[in-house]
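This report concerns only the one structure given below.
Read-outs throughout are calculated quantities, based only on the coordinates presented, and are distinct from any laboratory measurement. This is a predicted model, so every value here is computed, not measured. Reconstructed Cβ throughout: ideal geometry from the backbone, glycine too, with neighbour counts over all protein chains shown.
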Amino acid sequence: MFLIVAKYLIPKGYRGMAVYPFILIKYYKDQVNVVFLNHEKIHLRQQIEMLILPFFIWYILEFFIRFIQYKNRDLAYRNISFEREAYIKETDLNYLRNRSFFQFLHYMKSNQ
């Protein structure tokens, strides 16, 4: 994992993003935010297990499906299975040690 502060690469409204093998963050202060970094590390693990490119294809397709479902951009984003897993487990700093493969599939059901 490589951590890069890249203020202008992060879309408006977001603090960071994971693009294997990098975690791009908008603010220097987030370099020490263990919960935020754990969230992004969960995305790195998801990307590795899906061989990176299929992860991004799935992510985009699921976003569009959720957007049609909810007609709300933020709600669509929050209900992407990858995001649901990362948000629910981001405070569990031991999660990645015990996480089994394709755990995001358990988060496919919409939450609203």
Segment 26-77 shape via C-alpha gyration tensor axes, a/c threshold 1.5: oblate
The chain shape via C-alpha gyration tensor axes, a/c threshold 1.5: oblate
Per-residue HN-Hα couplings for segment 46-61 [Karplus 6.51, -1.76, 1.60; θ = phi - 60°; Hz; x = Gly/Pro]: 4, 5, 4, 5, 9, 6, 6, 4, x, 4, 5, 5, 4, 4, 5, 4
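How high is the FRET efficiency between Ile68 and Leu105 when r is their beta carbon distance and R₀ equals 22 Å, given to the nearest 0.05?
So the FRET efficiency works out to roughly 0.60.
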Rounded Å value of the spacing that divides the Cα centres of segment 1-54 and segment 63-100: 14
Positive minus negative residues near Glu62 (Lys, Arg vs Asp, Glu; Cβ under 14 Å): +3
Label-point separation in nm, Lys29 to Leu96, each point 7 Å along Cα→Cβ: 2.3
Per-residue [θ]222 nm for the chain (sum of -39500 (n - 2.57) over DSSP H runs n ≥ 4, rounded to 500): -14000 deg cm²/dmol
Nearby lysines by direct alpha-carbon distance to Lys71 (threshold 30 angstrom, same-chain neighbours under 8 apart not counted): Lys7, Lys12, Lys26, Lys41, Lys89, Lys109
Student exercise, segment 2-107 dipole from Lys, Arg, Asp, Glu Cβ charges, in Debye to nearest 20: 260
